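One structure is given below, encoded as structure tokens.
The values are calculated or read from the model by the stated rules, or taken from the named source; none is laboratory data. Please read these numbers as outputs of a predicted model, since none were measured by experiment. Note: ideal-geometry Cβ built from the backbone for every residue, glycine included; neighbour counts use all protein chains shown. Calculation scope for accessible area: heavy atoms of the full protein, side chains included, ligands and nucleic acids excluded. Shrake-Rupley method; radii C 1.70, N 1.55, O 1.52, S 1.80 Å.
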Amino acid sequence: MRELRVLIIEDSEADALLLVRELRRHYEITFERVDTAATMERVLTEKPWDLILSDYMIPNFGGVDALLLSQKSGIDVPFIIVSGAIGEDTAVEVMKAGAHDYIMKDNLKRLIPAIDRELQEAEVRRKRREVEEALRESEERYRAFFQTSKACVFITRRDGRLIDANEAAVELFGYASREELFQIAVTDLYVNAEDRRRMGELIAKDGFVKDFTTTMRKKDGSLIFALVNAVPKRNSQGKIFAYQGTIVDLTERVRMEENLKNAEEWQRKLFNEATDAIVVAEYDSGIIVDCNDAATVLFGRDRAEIVGQPQRVLHPPHMIGGDGFSRTFRKLIDILDGESTESEVITKAGHIRTVSIKTSLFEHEGKRLILGIFRDTTEQKLTQEELARVRILEAMGILAGGIAHDFNNLLTVILGNVSMAKNCIDPADRAYEKLVKAERASLQSKDLSARLITFSRGGEPIRRKVRLDRFLEETAVLAAGGLERCSFLFPEGLWPAMIDERQMRQVVYHLLTNAFENTPKDTIVHVSAENVSLEANEILLLKEGNYVRWSVKDEGTGIAPENLPNIFDPYFTTKPMGPEKGVGLGLTVCYSIVKRHGGIITVDSAPGEGSTFHVYLQAAED
């Protein structure tokens, strides 16, 4: 049974109980009886009520008075007059005053149907009020949003005429007032009118337009990038008669994104076009996450062969620690303050390069990264070593020249005396053999003296223009004792060079002799030459110009890496010392001769891969 809270206005307790008995046949009720205005006012404010039943005639307080108090309180519950004596005219007046029904006390069978009906109507009224209140609040919220929103809010007809727009729209498009804005068609705001037609098609198809980007025009003709969202407004037949939505100005954001994109492109351009190699690796794992174009050149690897690899692939095996990290990487982690450190890296082909590395630590997308700048100092180091070698050779040349001249004078005396002594002794005498050996040793010493003179400043070359292909082939044949052990490769149009043939023949002879000594007798030594044009310092200390590079390549045992930096040093040799094997001046003299010709001599070698000596000589001018 339905529960009811009933307020009964009745001066007769007996009559009130009759009503209660009738109500309890159909409802679970709680009730309170009052018979004065003051009491009624109090209980109306203290408790909620579902139904009010009132007698019409109460001493000093009637049913009309009770009705007015109920209306004054603002509650909307069924108010039914239940009276024993009320005329028809009176009943009509009471109904006009706002009572919902009247029931005669002698006809209470109408009471329950009247209550049920009025309770239903009260519920309908309550729900209607809720809907109206919600609608009112919604309209207020919408109007508040409409007026205060910083986004442009609009309502337009399908033909493009504005129905409504907020102040933000007026400000966005640069008009003086809403009235001025309403004088134009929305289609005039679109740079491309086709965009609005497309939005209409999307709304008809999907029921909305979301995040539609377009370009719009302000009153002064300037353009803005806009983000449009819109929904249709439909009439009672479901047909679209207007569009409602928002426009957000994206101009500044687009400009910022474009600036950011340009900045990123510029940074990437600087990154990739930097002449130094740049490598970015994760701080914790050492995994390489990025590198520039210069890094691919330095390491001789494609970018895909560097990125994603551990940093240890960049360093020679002897530099890798037990934890899988290169010792250089560990050192750089400890520095991280922009100081540079010297290290070695290894190319894909296995060549070792000397580098100077500077590092810095930064964070990106939540990861700690190390940026390393690698500057290839290999040539710089070689140049410094070359300058040091030149200074040493110059100093030793001065010393050697003085010694050689004095030594040569002594040898002349010795040889003269030995020759005269031989003439005074019978060749069968045992002393004669001793004199022959002394003469032979003196002649070898005289040859050494000649080398020292060549090594010194006193051995300046006397140059003339020579075709190197013919010169090299003739000298090689003499050194090899024939053509069997040499191959030759000379291009057509090989440039001539200005050389001292006697001195340069020593260089060719010595390089070929070394090659023959370091290779089996059944192998070939390759002699070649080619024209090259060099930029300044492209090859060590050579100046810019045209050069002829001739080379002697053997297939012997090669030169150990630790010996390569020293092979042109005076008295450095890996052969047994002595008059028959060598004193370590051969390559030094070769180096000195080539240097005095304005050229340079270099070597490429690795254990087990043979050696190739390259001699660069300035080409003769036509």
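Determine the pairs where a residue that is open to solvent by less than 20 Å² (accessible area, probe 1.4 Å), located within the stretch 601-615, has a partner that is among the acidic types (D, E) with Cβ atoms under 6 Å apart, the partner being 6 or more residues away or on another chain.
Cβ pairs passing all conditions: G610/D554; G610/E555; S611/D554.
Filter the stretch 249-285 down to the residues that are at pLDDT 85 or above, closer than 30 Å to M216 by Cα and not hydrophobic (A, V, I, L, M, F, W, C), then identify the one that is most open to solvent (accessible area, probe 1.4 Å).
Checking each candidate, the answer is R253.
Condition (residue is in a helix (DSSP H, G or I) and either more than 40 Å from the chain's Cα centre (by Cα) or surrounded by 14 or more Cβ atoms within 10 Å (Cβ to Cβ) (or both)) applied to the stretch 204-225: is it met by at least one residue?
Yes, some residue in the stretch 204-225 is in a helix (DSSP H, G or I) and either more than 40 Å from the chain's Cα centre (by Cα) or surrounded by 14 or more Cβ atoms within 10 Å (Cβ to Cβ) (or both).
Taking the stated definitions as given, is F299 farther than 23 Å from Q267 by Cα, surrounded by 15 or more Cβ atoms within 10 Å (Cβ to Cβ) and modelled with pLDDT of 70 or more?
It is false that F299 is farther than 23 Å from Q267 by Cα, surrounded by 15 or more Cβ atoms within 10 Å (Cβ to Cβ) and modelled with pLDDT of 70 or more.
So, in the stretch 500-519, how many residues would count as being over 26 Å from A619 (Cα atoms) and open to solvent by 70 Å² or more (accessible area, probe 1.4 Å)?
2
Spot the failing condition for A176; the list is (1) open to solvent by 30 Å² or more (accessible area, probe 1.4 Å); (2) farther than 24 Å from Q147 by Cα, and only one is missed.
Result: A176 passes all but (2).
Condition (residue is in contact with a strand residue (DSSP E or B) (Cβ under 7 Å, 6 or more places away or on another chain) and modelled with pLDDT under 90) applied to the stretch 576-585: is it met by at least one residue?
no
Taking L415 as the residue in question, decide whether it is assigned to a helix (DSSP H, G or I), over 19 Å from I593 (Cα atoms) and modelled with pLDDT under 80.
Answer is yes for this residue.
I'm trying to understand the selection: among the residues of the stretch 119-164, which are of a type in the set (S, T, N, Q) and not in a helix (DSSP H, G or I)?
Passing the criteria: S149, T156.
Residue by residue through the stretch 228-244, note down the ones that are open to solvent by less than 90 Å² (accessible area, probe 1.4 Å) and either assigned to a loop (DSSP other than H, G, I, E, B) or in contact with a helix residue (DSSP H, G or I) (Cβ under 9 Å, 6 or more places away or on another chain) (or both).
Correct list: V228, A230, V231, P232, N235, G238, I240, Y243.
Which one of these is at pLDDT below 85 and within 30 Å of L4 (Cα to Cα): A151, A134, A122, A144?
The match here is A134.
Please go through the stretch 125-166 and give me each residue that is hydrophobic (A, V, I, L, M, F, W, C), closer than 15 Å to A230 by Cβ and open to solvent by 50 Å² or more (accessible area, probe 1.4 Å), ordered by number.
Once the filter is applied, which keeps residues that are hydrophobic (A, V, I, L, M, F, W, C), closer than 15 Å to A230 by Cβ and open to solvent by 50 Å² or more (accessible area, probe 1.4 Å), the stretch 125-166 yields only I163.
Within 30 Å of K219 (Cβ to Cβ) and over 45 Å from the mean Cα position of the chain (by Cα), is that true of R126?
Criteria not met by R126.
Test F182 against the criterion of being crowded, with 19+ Cβ neighbours inside 10 Å and of a type in the set (F, W, Y), and give yes or no.
It is false that F182 is crowded, with 19+ Cβ neighbours inside 10 Å and of a type in the set (F, W, Y).
Across the stretch 11-29, what is the number of residues that are in contact with a Lys or Arg (Cβ under 6 Å, 6 or more places away or on another chain) and not small (G, A, S)?
Number satisfying all stated conditions: 1.
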